[in-house]
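Below: one structure, written as structure tokens.
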Amino acid sequence: MEPTRHEFLFQSGTLPKAIFYILTFLSIGIMMWQFAGRARFWMKGKKLTWRPDYISGIVTYILAQRKVMGSRPKDGAPLHLMIFYGFLSLFIATTLLAIATYGPLIGLPNWHRGSYYLAYETIFDALGLLFIIGVAWAYLRRRRLSAERGEPTRDPVTGKLARSSNPITTEWKDFAALGLLFVLGITGYVLEGARIAANPQPWDHYSFVGYGLAQLMPGLSPTGYVAIWWFHMVVVWAFFIALPHMRLKHIVVATLTAAGDPKKPMGALPAVDMAAFADTGSMGAAEAKDYSRWHLMSLDACMSCGRCTEVCPAYGAGKILNPKQVVQDIHRTLTIGENVPATVSEDALWACTTCNACVEACPVLIRHVDLIVDARRNLVSEGRLSGSGSLVLKQIGGTGSAWGQAASSREEWMKGMDIPLCRDGESFDVLFWVGCAGAMDPAAVRTTKAMARLMQKAGIRFACLGEEESCTGDPARRIGDETTFVTQAEHNQKVFAKYGVTKIVTACPHCLNTLSNEYGDFGTSLQVLHHAQLLDDLIAEGRLKPASLLPGSTTYHDPCYLARINNISDAPRRLVGQNGNHDDPTPLLLKSLAASDDETIFAEPEHHARKTLCCGAGGGRMWMEEEPNQRPGEKRAQELLATGAKEVAVSCPFCRIMLDASVKQATDEEINLVDLAELVERANS
Ligand code: SF4
Ligand code: SF4
């Protein structure tokens with residue numbers, strides 16, 4: 001006899017089949033009806049303006065589990081992978097079985113027999129184990145975390161989680177969901193064992209898990225098997241009905257979110273419909289319906305895992321901002337229609353540095369920064385920003401500089417340096433975009449001068465805009481003033497067109513981000529390099545030749561807008577003595593120079609590269625007041641000092657300003673903050 005198995009074993013007649021089909025379709029229908037109810041809320045949002053690449057989102061984030069693969073094992077990555085791939089394999093097994101069973105109705109052969117059947121039984125028996133072990137592991141981990149961290153406290157009036165609450169919250173529903181998954185997996189195997197016990201066949205050992213369980217119930221009666229069969233089905237139907245109410249709903253919603261994932265760089269904020277703003281006078285998100293449909297849908301994918309809050313520098317510094325709570329508060333306003341800024345709290349919205357650590361950490365692609373900045377836009381348009389944040393907007397609008405200095409001051413650093421200007425009419429290959437800080441902040445001016453001298457030394461044909469340069473609008477946009485940002489972007493875009501600019505180098509990661517990721521919306525296509533990338537290239541090409549020993553130990557602070565948001569962390573490391581490959585830390589530049597000195601000259605801080613820790617400057621925070629004991633930069637400075645390095649290399653003028661104050665606060669020791677350009681120049685002198 002050919003190996004196979006029969007569905008509805010011991011259940012002849014139409015009644016069992018009719019009950020099975022009715023209840024299966026009913027439970028699936030109830031599940032879909034509940035998701036459709038949520039979809040009605042999503043559809044209140046604005047129409048999407050981007051074209052997602054559905055297939056690549058699904059392949060990258062769902063099938064390849066890119067977010068989970070990139071997260072830390074302590075965040076439960078291995079167990080999630082076991083559950084996901086185990087669940088996926090069971091889904092595939094069920095689908096294959098359904099096709100084989102019902103295919104003959106449309107003329108297909110039933111291939112669920114012979115060698116195929118034996119391979120099917122063995123492979124899916126093994127993969128199902130992954131699922132059960134992963135679920136059991138997840139259950140034990142949650143119990144441990146829940147015991148270690150205690151339960152969160154809620155404000156009795158507002159119902160919100162208290163500021164100091166545990167970022168990883170566990171509710172009874174989470175244990176119930178894991179219990180349901182566990183019972184689902186176990187009863188599947190018990191059912192297989194019952195089938196083998198009640199109807200033994202010579203090939204049963206291929207279903208090795210069920211075969212083992214069958215030994216525990218020898219001589220099981222057909223009635224016993226049928227009872228287990230119906231019990232398993234009750235668990236399956238319960239799973240369908242309960243799914244939309246549990247964190248497990250992210251199985252469905254995160255798949256939809258990944259499919260519609262905006263193919264926008266992390267550093268690009270959603271554009272504003274300025275024509276609609278001119279008509280209505282209202283901008284940003286006052287209510288949840290002001291967000292896009294995709295953003296609203298993504299809120300439903302939140303699993304309350306708390307990873308976003310764990311990595312938030314504002315939360316870590318003791319501020320009221322808790323990105324997980326922001327997501328859940330906005331989700332609540334979607335259902336009950338409250339005002340977003342009031343529900344989230346204006347203080348929480350202003351506390352964000354737009355560092356994107358939360359976005360990077362979120363396994364279900366929620367873009368917290370989009371949500372927060374859109375709510376800020378509404379606050380700004382309603383005139384609810386005051387103090388130094390409001391002042392910087394006035395300065396940008398009035399002078400084109402976040403520092404509030406006249407355009408002519410952008411040329412002061414050039415004195416005595418023979419810097420070519422675009423308006424001189426000489427042709428150039430690359431525009432040196434100096435930025436407001438690079439022209440006006442004394443420490444950043446040292447970087448600017450060093451970079452200009454290095455480019456001159458390497459024979460780069462560059463030019464500067466001088467007083468024709470104006471703020472990119474980055475601080476204005478991230479504070480929420482889209483009007484000022486658009487004005488700045490349109491002005492700069494015209495200047496670029498006037499001089500035919502296509503390639504830019506800048507020492508400011510914030511300028512780099514806005515020019516490369518956001519100016520495209522204004523018809524500008526630019527190749528933008530960070531100065532670390534250009535210096536790295538010049539050394540690799542032999543156009544700069546480091547020739548002197550660099551003594552002492554150095555650490556490097558990755559700026560969020562460079563390392564995380566624009567994925568540039570290898571070139572800076574090569575400049576400070578690492579080859580950018582953390583598995584092979586062979587020093588490239590400085591170590592070779594320090595060949596006579598065996599001492600370690602580069603020390604990596606705990607948070608580095610894409611997982612870097614924010615200095616607290618982004619999102620316009622550099623210009624806003626900080627409580628003395630709530631500065632994100634202090635924690636970062638302590639981490640950098642903990643490396644034991646005597647020199648901190650930086651590559652962002654904003655980080656330099658924030659860390660300078662924090663390092664001085666943290667230690668009396670003489671710690672040198674130095675930009676990569678100064679470091680390279682020192683090695684070349
Ligand atoms: S962007 Fe940074 S500061 Fe803002 S909520 Fe996310 S992690 Fe916190
Ligand atoms: S927003 Fe993302 S990271 Fe934060 S709790 Fe929800 S799922 Fe987790």
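Here is how the numbers come out for the structure above:
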{"read-out": "Number of the exception - ALA402 against (1) of a type in the set (A, V, I, L, M); (2) more than 16 Å from ligand 2 (Cβ to nearest atom); (3) over 24 Å from ILE565 (Cα atoms)", "value": "(3)"}
{"read-out": "Qualifying residue in the stretch 280-294 (condition: in a helix (DSSP H, G or I), open to solvent by less than 20 Å² (accessible area, probe 1.4 Å), closer than 26 Å to ASN517 by Cβ and within 14 Å of ligand 2 (Cβ to nearest atom))", "value": "no"}
{"read-out": "All positions within the stretch 316-358 that are more than 11 Å from ligand 1 (Cβ to nearest atom) and basic (Lys, Arg)", "value": "ARG332"}
{"read-out": "Of residues in the stretch 300-315 being in contact with a Leu (Cβ under 8 Å, 6 or more places away or on another chain) and within 15 Å of ligand 1 (Cβ to nearest atom), the one most open to solvent (accessible area, probe 1.4 Å)", "value": "TYR315"}
{"read-out": "CYS614 vs. criteria in contact (Cβ under 8 Å) with a residue 60 or more places away in the chain and more than 13 Å from ligand 1 (Cβ to nearest atom)", "value": "no"}
{"read-out": "Some residue of the stretch 7-15 being modelled with pLDDT of 90 or more and within 29 Å of the chain's Cα centre (by Cα)", "value": "no"}
{"read-out": "Selected residue (only one of SER409, SER401, SER390 is surrounded by 21 or more Cβ atoms within 10 Å (Cβ to Cβ), small (Gly, Ala, Ser) and away from ligand 1 (no atom under 16 Å from the Cβ))", "value": "SER401"}
{"read-out": "Where a residue in the stretch 296-320 is not assigned by TED's automatic domain parsing to the domain that holds GLU606 and its partner, wherever it lies, is small (Gly, Ala, Ser) and near ligand 2 (Cβ under 9 Å from one of its atoms), with Cβ under 8 Å and at least six apart", "value": "ALA301/ALA254; ARG307/ALA361; CYS308/ALA361; GLU310/ALA361; VAL311/ALA361"}
{"read-out": "Some residue of the stretch 243-264 being modelled with pLDDT under 95, farther than 30 Å from ARG564 by Cα, open to solvent by 40 Å² or more (accessible area, probe 1.4 Å) and out of contact with any strand residue (DSSP E or B) (no Cβ under 6 Å at 6 or more places or on another chain)", "value": "yes"}
{"read-out": "Answer from ALA259, ALA271 - the residue that is away from ligand 2 (no atom under 16 Å from the Cβ), in contact with a Phe, Trp or Tyr (Cβ under 7 Å, 6 or more places away or on another chain) and either touching a residue at least 40 places away in the same chain (Cβ under 8 Å) or among the β-branched types (Val, Ile, Thr) (or both)", "value": "ALA259"}
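The values are calculated or read from the model by the stated rules, or taken from the named source; none is laboratory data. Source: prediction; values computed, not measured. Cβ: placed from backbone, ideal geometry, glycine included. Neighbour counts: every protein chain shown. Quick note on the areas: whole protein, heavy atoms, side chains included, nothing else; ligands and nucleic acids left out. Shrake-Rupley method; radii C 1.70, N 1.55, O 1.52, S 1.80 Å.
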